[in-house]
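Participant: What follows is a structure written as structure tokens; I'll ask about it next.
Taken together, the values in this text are just the output of simple stated rules run on the coordinates, not laboratory data. Just so it is clear, the structure is predicted and the values come from calculations on it, not from any experiment. Cβ atoms come from the backbone with ideal geometry, glycine included; neighbour counts cover every protein chain shown.
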């Protein structure tokens with residue numbers, strides 16, 4: 001299985017980096033998950049990905065650990 005680095009970018013106004021991180025965390029706990037990501041692979045290739053909210057919700061609701069392809 002390959003490894004990827006997934007980055008969420010959200011512009012947040014704050015007084016400190018810690019406060020910005022806390023505000024990001026707060027937004028993740030009270031609102032919908034973000035759908036825009038930057039994804040880098042082990043070959044240092046980075047692409048922008050915007051997920052379809054409905055498809056992402058369906059994927060998140062499924063237990064993918066039961067898929068033999070994940071073993």
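Participant: Rounded to the nearest 500, what is the 222 nm mean residue ellipticity of the chain from helices alone, with -39500 (n - 2.57) per DSSP H run of 4+ residues and division by all residues?
Facilitator: -10000 deg cm²/dmol
Participant: Taking 0.36 nm per residue of separation and subtracting the Cα-Cα distance, what length does fully extending residue 63 through residue 23 add?
Facilitator: Net length gain for the segment: 11.5 nm.
Participant: Given N residues in the chain, what is Rg(Cα) / (2.2 N^0.38 Å)?
Facilitator: 1.36
Participant: Please check: in the Gaussian network model of the chain (C-alpha springs, under 10 Å), which one of 41, 52, 15 has the largest mean-square fluctuation.
Facilitator: Fluctuation is largest for 15.
Participant: How high is the relative contact order of region 4-70, given as a whole-number percent (alpha carbon pairs under 8 Å, six or more residues apart)?
Facilitator: After rounding, I find 29 percent.
Participant: Now, a different point. Quick one: angle between helix 17-30 and the longest Cα principal axis of the chain, in degrees between 0 and 90, rounded to 10, please.
Facilitator: The answer is roughly 50 degrees.
Participant: Separation between the residue 35 and residue 13 pseudo-spin-labels, each 7 Å from Cα along Cα→Cβ, expressed in nm?
Facilitator: Distance between label points: 2.6 nm.
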